[in-house]
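*Asks:* Have a look at this one.
What follows draws every value from the coordinates through simple rules; no lab data is involved. The model shown is predicted, which means the values in this text are computed figures rather than measured ones. Positions of Cβ are generated from backbone atoms using ideal geometry, with glycine treated the same way; all protein chains shown enter the neighbour counts.
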Amino acid sequence: MEYLRSYLSHSGFMPSAALVLIFYALLRGARNSMWRIALLSLPGTIAHELAHFVVGAVLLAKPRGFSIWPTAQGHTWRLGSVSFGNIGLLNGALVALAPLLLLPIAWLCLVHVLLPLWNDNQWGWWLLAGYLTATALFAALPSFQDIKLGGRSLLLYAALGGFLWWAYSHSLIG
């Protein structure tokens, strides 16, 4: 808790967090134009797809293709994609949820990049870092397509977690 308190009391924390939230809100507002959101969220899209790619490579899902070019799919758009040759029950959930790794990265950018830039009065770099941090935050949630890709694996891990919770709770009572 002391770790968090040291950052919260920093003079640049609130302005930096507000900057990231403002950029995040602007990104959310730009979703009504496909090309606007594709362009503005490009750094986050690259990070999102790289998270899938790297986790997939580590977990032997055999990444086959990587794209950050927006494509239309019916009434929706896909901002980027990674295709895999070996998604299974054991690795599917982790590959699907890989963009969640951008959440701690966004936090680290906030405290280790934005705060020093604030201290050094480097306002241009501070604005740029705030924008890039917001795009990472914006891209951190897995898409519906991601969840669909790892759906069976997610169900397996949810069932396993539920069973372990049930077994643990009943062993304490009995």
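*Asks:* Arrange the following residues from fewest to most other Cβ atoms within 10 Å of their Cβ: H10, H170.
*Replies:* H170, H10
*Asks:* Residue-wise, which Karplus ³J(HN,Hα) couplings in Hz belong to the range 63-69, taking 6.51 cos²θ - 1.76 cosθ + 1.60, θ = phi - 60°, and x for glycine or proline?
*Replies:* x, 10, x, 9, 9, 10, 8
*Asks:* Using the Cα centre as the reference, give the magnitude of the dipole from point charges on the C-beta atoms of the chain (Lys, Arg: +1; Asp, Glu: -1; all else neutral), rounded to the nearest 20 debye.
*Replies:* Using only the charged Cβ atoms, the result is roughly 480 debye.
*Asks:* So, one more: Give, in whole angstrom and from largest to smallest, the semi-axes √(5λ) of the equivalent ellipsoid of the range 64-148, with λ running over the eigenvalues of the Cα gyration tensor.
*Replies:* 32, 16, 10
*Asks:* Another question about this same structure. Could you tell me the convex hull volume per residue, in Å³, taken over the Cα atoms of the range 2-173?
*Replies:* Hull volume over Cα atoms, normalised by residue count, gives 158 Å³.
*Asks:* Principal axis lengths of the range 42-109 from Cα atoms, whole Å, largest first?
*Replies:* Extents along the principal axes: 32, 32, 17 Å.
*Asks:* What relative contact order, as a whole-number percentage, does the range 2-173 give when Cα pairs under 8 Å and 6 or more residues apart are counted?
*Replies:* The value is 28 percent.
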